[in-house]
Each structure stands twice: as C-alpha cells, then as structure tokens.
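The values are calculated or read from the model by the stated rules, or taken from the named source; none is laboratory data. Nothing here was measured: the structure is a model prediction, and the numbers come from that model. Here Cβ is always computed from backbone atoms with ideal geometry, including for glycine, and neighbour counts include all displayed protein chains. Accessible surface is based on the protein model in full, side chains and every heavy atom, while ligands, DNA and RNA are left aside. Shrake-Rupley method; radii C 1.70, N 1.55, O 1.52, S 1.80 Å.
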Amino acid sequence: MGLRVFPNLQAIPGPVDCVISCLGASRVIELMRDSASKGVKGVVLFTAGFSETGRAEGRQMEREVIEIAHAAGMRILGPNCMGVYCPEAGLAFGADFPRESGQVGLICQSGTNALFTVRAAAERGVRFSKVVSYGNACDVDECDMLEYFAHDPQTSMV
C-alpha cells in the first residue's frame, strides 16, 4: 500500500514518541522492553488479557508492564482500551468517526461505550476535541485525564 514498514521498533530510524500495541498479551513484555530501550514516552495498550481477566498471570503481566514503564519514564494508556480519538490530529479508533473537532472531551473506561457514544453523538451533531478510552488504567487513569482536559484549550466540557 506504499507504506514503509519495519520488522521491529529498533529498526525504525530516529525517535519513536508513541507505540500503539495490538499484539497478543504474551508479546507485550518484550514490546515494553523494546519501547524502553528505544526511548518511547507513551504506549497505548489496545491489547487485552491482563488484570481484567481476573487470572493471576494476567495481573502479573500487568505488574511487569508497569515496572518496565516506570523504570523507563514511560506512560501507559490501558491495557484493554481503545486509546485516543483526536480528530484534529487525524487519530481515531473508529473508521467512521467524524474528522471535525468540537469542544467536548470524553473519558470512558469502556472502549465499546466510547465507540457507541462517539457514533451516537455524531448523529446529533456533537463533535469531540478528544475521546480517551483508558481500559484497565494501570498507569494513566480518569484523574489524569480530568487534569489534562481541565487545561486543554480545545475542550470546554468533559
């Protein structure tokens, strides 16, 4: 499709600001280590299979993710989240989301609820500055997002 691809993070020339992962949970620890060595500052873990499963191995993997991130100064959104929708930047987790920005910020734990809310609001003419689905909130949580939106000049309502 004319896009350049790389076999791994280390092969990417120059810095990488943010990684969005949809790898299987068993591969996330390796990705986190690679991200730390590359100097990545933020990781969005769309990936599920962590503490939300209620299983000990999922909780342990999530603890490892947090340890690696904190040691490297990285921030984590998720795991088990849809991530960020920012129309102004062309970033969306729904292909049918409006490309026009508005002044409403939305913070949603559930990715499904975020999807349905954006779509239902769009039908009524509501546009968003940013929407964040934060999932398990192993690092970045709703309080962090409220703080962010409180200072975001593009958001007048959350």
When you scan segment 1-34, how many residues do you find that are part of a loop (DSSP other than H, G, I, E, B), among the charged types (D, E, K, R) and open to solvent by less than 100 Å² (accessible area, probe 1.4 Å)? 0
In segment 61-88, how many residues are assigned to a loop (DSSP other than H, G, I, E, B) and under 15 Å from the mean Cα position of the chain (by Cα)? 6
Which condition from (1) surrounded by fewer than 21 Cβ atoms within 10 Å (Cβ to Cβ); (2) touching a residue at least 40 places away in the same chain (Cβ under 8 Å); (3) among the polar types (S, T, N, Q) is the one that residue 80 breaks? (1)
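If you go through segment 89-110 one residue at a time, how many are at negative phi, surrounded by fewer than 17 Cβ atoms within 10 Å (Cβ to Cβ) and part of a loop (DSSP other than H, G, I, E, B)? Spell out the reasoning first.
Here is the first cut: in segment 89-110, the residues at negative phi are 89, 91-110.
Within this subset, residues satisfying the condition of being surrounded by fewer than 17 Cβ atoms within 10 Å (Cβ to Cβ) are 89, 91, 94-96, 99-101, 103, 109-110.
From the residues that got through so far, the ones that are part of a loop (DSSP other than H, G, I, E, B) too are 94-96, 99-101, 103, 109-110.
The number of residues fulfilling the criteria is 9.
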Which of the residues that make up segment 50-60 are out of contact with any helix residue (DSSP H, G or I) (no Cβ under 7 Å at 6 or more places or on another chain) and in a loop (DSSP other than H, G, I, E, B)? 54, 55
Taking only pairs six or more apart or across chains, which ones have beta-carbon atoms under 7 Å, a first residue in segment 131-150 that is small (Gly, Ala, Ser), and a second residue that is buried (at least 21 other Cβ atoms within 10 Å of the Cβ) and outside any loop (DSSP other than H, G, I, E, B)? 133/83; 133/108; 133/114
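Does residue 43 fit the bill of being touching a Ser or Thr at 6+ places or on another chain (Cβ under 7 Å), within 20 Å of residue 141 (Cα to Cα) and either open to solvent by less than 20 Å² (accessible area, probe 1.4 Å) or in a loop (DSSP other than H, G, I, E, B) (or both)?
On the way: touching a Ser or Thr at 6+ places or on another chain (Cβ under 7 Å): yes; within 20 Å of residue 141 (Cα to Cα): yes; either open to solvent by less than 20 Å² (accessible area, probe 1.4 Å) or in a loop (DSSP other than H, G, I, E, B) (or both): yes.
It is true that residue 43 is touching a Ser or Thr at 6+ places or on another chain (Cβ under 7 Å), within 20 Å of residue 141 (Cα to Cα) and either open to solvent by less than 20 Å² (accessible area, probe 1.4 Å) or in a loop (DSSP other than H, G, I, E, B) (or both).
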Is it the case that residue 58 is over 12 Å from the mean Cα position of the chain (by Cα), open to solvent by less than 50 Å² (accessible area, probe 1.4 Å) and at pLDDT 95 or above? yes
Give the number of residues within segment 111-140 that are surrounded by fewer than 16 Cβ atoms within 10 Å (Cβ to Cβ) and either among the charged types (D, E, K, R) or within 23 Å of residue 43 (Cβ to Cβ) (or both). 5
Conditions (1) loosely packed, with under 14 Cβ neighbours inside 10 Å; (2) in contact (Cβ under 8 Å) with a residue 60 or more places away in the chain -> residue 51 fails only (1)
Scan segment 141-157 residue by residue and report those that are assigned to a helix (DSSP H, G or I), of a type in the set (D, E, K, R) and surrounded by 12 or more Cβ atoms within 10 Å (Cβ to Cβ). 142, 144
